[in-house]
Amino acid sequence: MPILKSAKKRLIQDEKKKYANFLKKREMRKILKEVRTLVTSKNKEEALKMLPKVYKVIDKAAKTNVIKDNTASRKKSRITKLVNSIQ
């Protein structure tokens with residue numbers, strides 16, 4: 001455990017940031033899962049409506065360094081490809 005006051009403060013800040021990052025990741029996973037379920041149910045219109053929301057969540061996660069930029073690009077590309085594959 002930290003002894004110095006500044007180290008204690010840093011520990012608290014790190015815990016808050018860790019939790020905030022966890023929430024962003026959880027939100028991203030949740031929305032990706034929703035789109036995948038729409039794709040499996042062949043609901044292309046709803047999935048296309050969800051895409052801008054997906055992009056927004058992924059871009060925010062990348063902007064705040066929760067995920068890396070290339071990972072964000074890959075996720076967006078794969079989810080778009082999946083949605084467009086619906087007949």
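Things to note:
- Search result, residues across the range 17-45 that are over 15 Å from the mean Cα position of the chain (by Cα), in a helix (DSSP H, G or I) and surrounded by fewer than 14 Cβ atoms within 10 Å (Cβ to Cβ): Lys17, Thr37, Thr40, Glu45
- Residue count for the range 1-57 under the criterion of being under 22 Å from Asn70 (Cβ atoms) and aromatic (Phe, Trp, Tyr): the result is 2.
- The set of residues in the range 1-19 being more than 24 Å from Ala61 (Cβ to Cβ) and either among the charged types (D, E, K, R) or in contact (Cβ under 8 Å) with a residue 12 or more places away in the chain (or both) consists of Lys5, Lys8, Lys9.
- Looking only at the range 58-71, residues that are part of a helix (DSSP H, G or I), under 17 Å from Leu23 (Cβ atoms) and in contact with a helix residue (DSSP H, G or I) (Cβ under 6 Å, 6 or more places away or on another chain) come to 3 in all.
- Qualifying positions in the range 59-70 - of a type outside the set (Lys, Arg) and within 10 Å of the chain's Cα centre (by Cα): Asp59, Ala61, Ala62, Val66, Ile67
- One residue from Lys56, Lys75 being farther than 30 Å from Pro2 by Cβ, under 14 Å from the mean Cα position of the chain (by Cα) and open to solvent by less than 70 Å² (accessible area, probe 1.4 Å): Lys75
The values are calculated or read from the model by the stated rules, or taken from the named source; none is laboratory data. All values derive from a computational prediction rather than experimental measurement. With ideal geometry, Cβ positions are generated from the backbone for all residues, glycine too; neighbour counts draw on all protein chains shown. Accessible surface areas use protein heavy atoms only, side chains included; no ligands, DNA or RNA. Shrake-Rupley method; radii C 1.70, N 1.55, O 1.52, S 1.80 Å.
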